[in-house]
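Visitor: Pasting in a structure now, in structure tokens, and then I'll have a few things to ask.
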Amino acid sequence: MEHTISAYKLWRDCLTHFPKKSRPTLGTKIDNAFVGIIEWISIATWQAKDKKVPTLQKAIAQTDLLKCFLQVAREVHDLDNKKFIMLSEPVAGIGRMLGGWVKKIQEEEKLQPPKKAAEE
């Protein structure tokens, strides 16, 4: 969560220099994607293990969407290369951490003995 919040702080600094014409559209989309990732991670943190993976997959999807929006912002020159790299590296790290979290949960599930159905 700390890495995500740190990346969001970097984004907020970039948003002040984001072109005015793009703030209500692309700027809002990027901001909402960051907030969505924070929200899904926060929810997953407190969920039971058997419910975490679907929530983390939503966070991963939101992270992929954020990567796409950042790429678009770079291609339309709303973000220069330096700011794009500054944001892209931590966002990629967030994706790796989320993927690792999912993998760890799935491996732990494989190691657990199967639950027996209640006898009737």
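The values are calculated or read from the model by the stated rules, or taken from the named source; none is laboratory data. This structure is a prediction, so every number in the text was calculated from the model and none was measured. For neighbour counting, all protein chains shown are included, and Cβ atoms are generated from backbone atoms with ideal geometry for every residue, glycine included.
Visitor: Go through (1) loosely packed, with under 15 Cβ neighbours inside 10 Å; (2) outside any loop (DSSP other than H, G, I, E, B) one by one and return the number of the condition Pro19 breaks.
Guide: The number of the failed condition is (2).
Visitor: Among the residues of the stretch 22-43, count how many are part of a helix (DSSP H, G or I) and touching a residue at least 40 places away in the same chain (Cβ under 8 Å). Before the answer, list the steps.
Guide: Step one: filter the stretch 22-43 for residues part of a helix (DSSP H, G or I), giving 23-43.
Filter once more, so that each one left must be touching a residue at least 40 places away in the same chain (Cβ under 8 Å): 26-27, 29-30, 37, 41-42.
Total meeting the criteria: 7.
Visitor: Based on this model, can you work out whether Ala7 counts as under 30 Å from Gln106 (Cα atoms) and crowded, with 18+ Cβ neighbours inside 10 Å?
Guide: On the way: under 30 Å from Gln106 (Cα atoms): yes; crowded, with 18+ Cβ neighbours inside 10 Å: yes.
The answer is yes for Ala7.
Visitor: For the stretch 69-91, which residues satisfy the criterion of being within 13 Å of the chain's Cα centre (by Cα) and exposed (fewer than 13 other Cβ atoms within 10 Å of the Cβ)? Walk me through it before giving the result.
Guide: Initially, the stretch 69-91 is screened for residues within 13 Å of the chain's Cα centre (by Cα), giving 69-70, 87-91.
Residue satisfying the conditions is Glu89 alone.
Visitor: Do the conditions hold for Ala44, that is, is it touching a Lys or Arg at 6+ places or on another chain (Cβ under 7 Å) and surrounded by 13 or more Cβ atoms within 10 Å (Cβ to Cβ)? Reasoning before the result, please.
Guide: Numbers: touching a Lys or Arg at 6+ places or on another chain (Cβ under 7 Å): yes; surrounded by 13 or more Cβ atoms within 10 Å (Cβ to Cβ): yes.
Spelling it out, Ala44 is indeed touching a Lys or Arg at 6+ places or on another chain (Cβ under 7 Å) and surrounded by 13 or more Cβ atoms within 10 Å (Cβ to Cβ).
Visitor: When you check Lys49 against the structure, is it within 25 Å of Leu111 (Cα to Cα) and of a type in the set (D, E, K, R), yes or no?
Guide: Numbers: within 25 Å of Leu111 (Cα to Cα): yes; of a type in the set (D, E, K, R): yes.
Taking the combined requirement at face value, the residue satisfies it.
Visitor: Here's a follow-up. What do you reckon, is Asp50 among the charged types (D, E, K, R) and modelled with pLDDT under 95?
Guide: Details: among the charged types (D, E, K, R): yes; modelled with pLDDT under 95: yes.
Answer is yes for this residue.
Visitor: Let me ask another. Take the residues in the stretch 54-68 that are in contact with a Gly (Cβ under 9 Å, 6 or more places away or on another chain) and not hydrophobic (A, V, I, L, M, F, W, C); name whichever of them is surrounded by the fewest Cβ atoms within 10 Å (Cβ to Cβ).
Guide: Of everything passing the filter in the stretch 54-68, Asp64 is surrounded by the fewest Cβ atoms within 10 Å (Cβ to Cβ).
Visitor: Looking only at the stretch 3-41, how many residues end up being over 11 Å from the mean Cα position of the chain (by Cα) and of a type in the set (Gly, Ala, Ser)?
Guide: 3
Visitor: Against the definition (at pLDDT 95 or above, of a type outside the set (Ser, Thr, Tyr) and touching a Gly at 6+ places or on another chain (Cβ under 7 Å)), how does Ile38 come out, yes or no?
Guide: In short, no.
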